[in-house]
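Just below is one structure, and these are the notes that go with it.
Read-outs throughout are calculated quantities, based only on the coordinates presented, and are distinct from any laboratory measurement. Keep in mind the model is a prediction, meaning the values are calculated, not measured. Ideal geometry is used to build each Cβ from the backbone, glycine not excepted, and the neighbour counts take in all protein chains shown.
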Amino acid sequence: MSDIIKILPDNVANQIAAGEVIQRPASAVKELLENAIDAGADDIQLIIKDAGKTLIQVVDNGCGMSETDARLCFERHATSKINEAGDLFKIHTYGFRGEALASIAAIAQLEMKTKKKSDDVATSILIEGSQVKEHTSCSAADGTSIAVKNLFFNVPARRNFLKSDATETSYIIEEFNRVALVYPEKSFAFYNNGKLVSKLEKMPLRQRINSVFGHNYGERLISIDESTTVADIKGFIGKPEFARKTRGEQYFFVNKRYIKHPYLNHAVDKAYAELIPEQSYPSYFIYITIDPKNVDVNIHPAKTEVKFFDEKTLYSILKAGIRKAFGSFNITPSIDFDVDRALDFGATVFNREEGIKFPAVTINPDYNPFRNNPHSGISDETSKQHDKNLKNWETLYELGKEISANKNTDEKNEAQKEIPMEYENASFFCFGKKYILTPMKSGLLFIDIVPARERILYEKFLETAENQSPVCQRLLFPKTITLPPADAELLSDIMKEMRLLGFDIEAFGKNTFVVNGVPSDLLDEDINETIERLMESYKKNQLEASCEKKINLIRSLAKNMAARTDLKLTDETMQALAGQLFASSMPDTSPSGKKILFILSNEEIEKKFK
Ligand code: ADP
Ligand code: MG
């Protein structure tokens, strides 16, 4: 048999390797910024156009490269940062693999100008798809400027895989912030589509955090400072009262490298337990310095995980450090009196002399929850709604028979066909504030309230958006809201869709918005919290399923509103909920895929007594 193995040509190998290192414009930004830092620069500019798809340029005043190095740096495994394998265990630079520039040059048109202070002239190199097109001398300032144009020009599949400009830009902003937050002693500038969007002078860390996140952010922070033999932990944590509903500013840096670390994050959560409401996230900027021997950063360049050799100790130090920081600011968890109150029986204390009285239950056999009760005290408007729901039930009752007899439409699923038809003189019970139960001919119907509301709200908002008939309730006092930069970029991007749902929001300076009006259902809500939650689920949906902006927004809004816990479960509301649910296109599954209802059949119930 003839030999079949071939060595891939360099440019093909480079292109394949590039895919691992550079997945999107933000990855190139990260690599270029890190190279500038490794080169000792203390003034760095980032310039992007069209979310980095047209241009990403980083200009630094670092050490520059000689003419030979300027050519060599584009070779794979060309690095000045390690000399021997042993160096791997004491890395103090970001780079060491010598892959980034080779990768970027394989998938873009790249122009570099670089000059060492000790050299008289600068070198200019033009390289495209790994091919050097030009290599000349030129004049330039000390340092390096690298312009990456038309990223993925020769890998269309990658280009198509990119998200919207707003999303890609938000990833770039995040990379920029991660570097800016580690080097307050360096100055940075960020230009987006020709506009200077961020200028950060050299400043102390608290002020740097303040400049990145704006609006007296620094005042929300408490400093943390723990020095131990295992590691030093410094930085800032947010005062508990500023915890947000969006997982915004949570930063761990290890030896100046941004990392994600669920286990350490858990230590923070534990330290904040009882100080902040459930499902809110504290902000933190935690800088861990640890001997490189005790941490493994030799991981995939595009990933942000590291492995500590002694995680448990670090966990305890971090948690204790945060607690100590709270202590010095007189913030300590208070006892939750609500919990204790549940144990206070008060006047209902059992009285031995009286004996046990069973509660009396009177049943009105004529009761029909669908009959309009003139004495119920419900307003005209509610009563009209009530009529409509009643009609829904009746129509569905009839329709159900028809549907099951005639056809099998896709939208009207099994449960919908069965349930309304079988529905029989219902009364509704609420169970555990979570479920609505109602007896039927064939058994007992259980409705899970939260996903049911999610389905109803989803369809309602969808209809509003599609008919372009939002009802916007103007706020008496407009509210301002400041978001983390990446969230702010996203919110600007979905402003049009927000308007379709009845939000009246305007941009108002850096990362800040003014909310003039909201959909009428949201009038009683904490607006800041609602928008933060909304952004949080929007981002989550974006990661999980790439759906249309409008649909994502509607899904997020419905999900958040459905989770409200202050719902009063009266006969009317339970009935209205069931009515609206069965009038929806898919009563048994919520838009996020959760089961809404099931029937415990008569047979199953009977079996339980056997
Ligand atoms: P690594 O950073 O892993 O060494 P890169 O491909 O990112 O690999 O860079 C290759 C080499 O090019 C670096 O080791 C460094 O010597 C040089 N280099 C890259 N960017 C710069 C820069 N901005 N200033 C000076 N030298 C640079
Ligand atoms: Mg590098």
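For the reader, a short list of remarks on this structure follows.
- Part-to-part distance (alpha-carbon centres) for the range 42-112 and the range 436-496, which is given in Å: 46
- In order through the range 37-51: 3J(HN,Hα) via Karplus (6.51 cos²θ - 1.76 cosθ + 1.60), integer Hz, x for Gly, Pro: 5, 4, 7, x, 5, 10, 9, 10, 10, 10, 10, 10, 10, 6, 6
- Stokes-Einstein diffusion coefficient of the range 113-266, Kirkwood radius over Cα pairs, 25 °C, 0.890 mPa s, in µm²/s: 127
- Evaluated at q = 0.23, 0.24 Å⁻¹: base-10 log I(q)/I(0), Debye formula over Cα of the range 87-184: -1.21, -1.21
- The range 197-335: radius of gyration over Cα atoms, expressed as a fraction of 2.2 N^0.38 Å: 1.05
- Shape box of the range 23-105 [Cα atoms, principal axes, largest first, Å]: 42, 27, 26
- Around SER556: net Lys/Arg minus Asp/Glu count, Cβ-Cβ under 10 Å: +4
- The range 429-446 - phi-based ³J(HN,Hα) in whole Hz, Karplus 6.51/-1.76/1.60, Gly and Pro as x: 10, 9, 10, x, 6, 10, 10, 10, 10, 8, x, 9, 4, 8, x, 10, 8, 10
- Cross-link reach is defined here as a Cα-Cα straight distance under 16 Å, omitting same-chain residues fewer than 8 places apart; for LYS433 the lysines meeting it are LYS568.
- Order of CYS73, CYS63 under a 10 Å beta carbon neighbour criterion, fewest first: CYS63, CYS73
- Normalised by 2.2 N^0.38 Å, where N is the number of residues, the C-alpha radius of gyration of the range 492-605 stands at 1.29.
- Column: log10 I(q)/I(0), Debye, Cα scatterers of the range 144-223, q = 0.14 Å⁻¹: -0.61
- PHE329, PHE609 arranged by Cβ crowding within 10 Å, fewest neighbours leading: PHE609, PHE329
- Taking a sphere under 13 Å around the Cβ of GLY40 and counting the other residues whose Cβ falls inside, with K and R at +1 and D and E at -1, yields a net charge of -3.
- Net charge of Cβ neighbours under 14 Å - reference HIS135; Lys, Arg +1; Asp, Glu -1: -3
- For a straight C-alpha distance cut-off of 26 angstrom, the lysines reachable from LYS607 (same-chain residues fewer than eight places away being disregarded) are LYS417, LYS434, LYS441, LYS595.
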